[in-house]
Every structure is written in structure tokens, then in C-alpha cells.
């Protein structure tokens with residue numbers, strides 16, 4: 001099934017650009033405080049996504065041995081300090 005959209009999709013970050021151009025003089029003090037709380041929640045969401053992506057990248061690099069270390073067996077574990085060791089077979093990767 002082919003869907004032909006009449007309007008092109010907005011580019012990534014376009015909504016953020018619109019948000020930054022909004023006239024803040026129209027907002028009350030309470031609305032500004034609410035806006036800040038919502039923006040801080042969005043920042044926390046983005047930071048959590050970054051941490052997840054970083055952990056996935058580190059796991060992939062360890063699994064596929066992009067570093068200078070060599071692993072002697074296929075049953076290697078992927079871990080930073082050993083406390084959070086994960087069997088390589090248990091990893092799932094999602095591509096977006």
C-alpha cells in the first residue's frame with residue numbers, strides 16, 4: 001500500500017525551531033514556569049535516550065571487538081567493570 005502525502009514531513013528539529021521563535025511576552029509567569037518544567041522533562045527524556053544509545057554502542061563495540069582487545073571465545077561477556085556483565089548472546093539490537 002502506497003501512501004502519498006500531500007505535505008512533506010517536517011524536518012527533524014523543526015518543532016524545536018518553532019518553539020524557540022515563539023514570543024514569550026505573551027506568556028504569564030505561571031505559563032513560563034510550566035514551559036520550563038516541560039522543557040526540563042524533555043531534556044531528561046533526551047538524556048535518557050542518549051544514555052541508552054551510548055550503552056548500545058558500547059555493547060556493540062565490545063561484542064564485535066572494535067577495540068584493540070582480542071577475545072578468545074565466542075561466549076564472551078560484554079561489560080564495563082564486570083558488575084554489569086551481560087552474555088553476548090543475550091544482547092538485542094534495534095536499528096532505527
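The values are calculated or read from the model by the stated rules, or taken from the named source; none is laboratory data. The model shown is predicted, which means the values in this text are computed figures rather than measured ones. Don't worry about glycine lacking a Cβ; one is built from the backbone with ideal geometry, like all the others, and counts go over all protein chains shown.
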Would you mention how many residues in region 19-36 are at pLDDT 95 or above, surrounded by 10 or more Cβ atoms within 10 Å (Cβ to Cβ) and assigned to a helix (DSSP H, G or I)?
6
Of the conditions (1) more than 22 Å from the chain's Cα centre (by Cα); (2) at pLDDT 60 or above, the single one that residue 70 does not satisfy is (2)
Condition check: at pLDDT 75 or above and out of contact with any helix residue (DSSP H, G or I) (no Cβ under 6 Å at 6 or more places or on another chain). Does residue 47 satisfy that?
yes
Residue 63: passes all of (1) touching a strand residue (DSSP E or B) at 6+ places or on another chain (Cβ under 8 Å); (2) surrounded by 10 or more Cβ atoms within 10 Å (Cβ to Cβ); (3) modelled with pLDDT under 60 but (3)
Please tell me if residue 12 is out of contact with any strand residue (DSSP E or B) (no Cβ under 8 Å at 6 or more places or on another chain) and at pLDDT 95 or above.
no
Expected output for region 26-37 (first residue without any contact (Cβ under 8 Å) to a residue 12 or more places away in the chain, partner assigned to a helix (DSSP H, G or I), Cβ below 8 Å, 6+ apart or cross-chain) is 27/35; 32/24
